[in-house]
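We did not get these values from a lab; they are worked out from the coordinates using the rules stated. From a predicted model like this one, the values you see are computed outputs, not experimental measurements. Cβ placement follows ideal geometry from the backbone for every residue including glycine, while neighbour counts extend to all protein chains displayed.
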Amino acid sequence: MYATASTARLKAARRLTKRALRQRERAFLAEGPQAVSEALAGGTGVSGLFVTAPAQSRHADLVAQAAEAGVDVQLVSGEVMSELAQTVTPQGLLAVCDFVDVPLDQVTSGKPALVALLANVRDPGNAGTVLRAADAAGADAVIFGDASVDVYNGKCVRASAGSLFHLPVVAGARLTDATAQLRAAGLRILAADGRGGSTLDDPRTRAALVSPTAWLFGNEAWGLPDDLLALADESVAVPIYGRAESLNLATAAAVCLYASAQSQRAGALRLAIMITLRCPPNGGRTIPSHRVFAL
C-alpha cells in the first residue's frame with residue numbers, strides 16, 4: 001500500500017509546471033507509463049512517482065518496479081493528477097525526474113554522424129515529435145537552440161514518447177556556437193528550407209548525405225531567417241510531389257533525418273562489402289580493385 005501524497009510533495013510537483021522553477025530545481029515531470037518506464041530503464045534520476053488508484057491497478061508491475069528502485073510512490077486523486085499532468089485525460093502516472101540534458105561538447109566529442117538542431121522551434125508538440133523522429137532514425141543527438149521551446153515542457157516530453165530518455169539532448173545552445181562546434185567535429189550543416197538551393201531527392205544531395213550531417217530546422221511559421229541560413233553549408237528543400245502547400249516541421253524533419261540515416265547505412269554497407277571483396281577471409285584470393293563492382 002502506498003501513502004497518499006503529502007501537501008509538501010504536491011506543492012513541489014506543482015512548481016515543476018513552470019519553466020523557471022524547473023530550471024531552478026533541475027527537475028521535470030514525465031507523464032504516462034511509456035515515459036515512466038523509459039525513465040526508470042534509462043537510469044534517469046526519478047525521485048518521485050504520483051499514481052492514481054486505477055493506474056496503480058493497470059500498471060502494477062511498473063509501480064512496483066519504481067518502488068523497488070527506491071522511488072517515493074504516492075497516491076493522488078484523478079483531479080490532482082489532471083492538474084499536475086496538465087492534460088484533459090491524464091494516464092494516471094507522473095514521475096518527477098532529474099534533468100537529462102548534456103553539454104554541447106559532450107556531443108561533439110563523441111564523433112556524431114547525425115544530429116538534429118532546432119532553431120526557434122516554439123511548438124512543444126512539434127519539438128517532441130522531432131526528438132522522437134531523431135531517435136527512430138538513429139540520430140546521435142538533438143540540440144535545442146536557446147530560442148526554442150523548453151525540452152522539459154510537459155507537452156514536449158509527452159510528444160517525445162520516451163525518446164527524451166534515449167539519446168543525448170542539449171538544451172539552450174547558442175546556434176552560432178553549436179554550428180561552429182559541429183562543423184569542427186566534421187559535420188556538414190544542412191538547413192531544411194523550402195527555398196533550398198537543392199532538393200532532397202537530388203542524387204548529388206543523397207550522395208552527400210553519406211557524410212556526417214547536422215540538420216538545422218527552423219520555426220513552424222516562418223522557417224529559417226537569413227541570418228540562420230547563413231550558419232549552414234547548404235539549404236535543402238523537401239520536394240512536394242502533390243498539391244500540398246508544405247509539410248509541417250515534424251514531418252519534414254522526419255523525412256530529412258531518415259534520408260540521412262538511409263544514406264549513411266547504405267554507405268557503410270557498401271564499404272563493408274568492398275572491404276570483404278578486397279580482403280577475403282581464410283586466405284582467399286583477393287579481387288583486384290578494378291574488378292570490384294560498383295555498388
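Percent relative contact order of segment 3-98, based on C-alpha pairs within less than 8 angstrom and at least six residues apart? Intermediate results must be reported in sequence, preceding the final value.
Numbers: 145 pairs, mean separation 39.5, N = 96.
Normalised by residue count, the contact order of segment 3-98 is 41 percent.
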Kindly express, to the nearest 10 degrees and within the range 0 to 90, the angle between helix 124-136's C-alpha long axis and the longest C-alpha principal axis of the chain. 50 degrees
State, to one decimal in nm, how far the label point of Val88 lies from the label point of Arg204, with both points 7 Å from Cα in the Cβ direction. 5.0 nm
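Counting pairwise Cα distances across segment 3-98, what percent come out greater than 16 angstrom? Mind showing how you got there, number by number?
Numbers: 2220 of 4560 pairs.
Everything past 16 Å amounts to 49 percent.
Taking 4 °C and 1.567 mPa s as the conditions, I'd like the Stokes-Einstein D for the chain in µm²/s, using the Kirkwood hydrodynamic radius from alpha carbon pairs. Please list the in-between numbers first.
Working: Rh = 21.0 Å.
Taking Rh from Cα pairs, D becomes 62 µm²/s.
Please figure out what share of the DSSP beta bridges in the chain is antiparallel and state it in percent, rounded to the nearest 5. Could you put the intermediate results ahead of the total?
On the way: 11 of 38 bridges.
Here the antiparallel bridges make up roughly 30 percent for the chain.
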Could you let me know the centre-to-centre spacing of segment 206-266 and segment 101-152, using Cα atoms, in angstrom? 14 Å
Relative to the Cα centre, what is the charge dipole magnitude of the chain, using +1 at the beta carbon of each Lys and Arg, -1 at the beta carbon of each Asp and Glu, and rounding to the nearest 20 debye? 580 debye
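For Tyr241 and Arg265, what does the FRET efficiency come to when R0 = 25 Å and r is the distance between their Cβ atoms, rounded to the nearest 0.05? It would help to have the intermediate numbers written out before the result.
Values: r = 24 Å, r/R0 = 0.97.
Once the sixth-power term is evaluated, E becomes 0.55.
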Say we join alpha carbon atoms closer than 10 Å with springs in a Gaussian network model of the chain; which of Ala192, Ala208, Ala232 then has the biggest fluctuation? Ala208
Simple label model, 7 Å out from Cα along Cβ direction - Ser6 to Ser57, nm: 2.9 nm
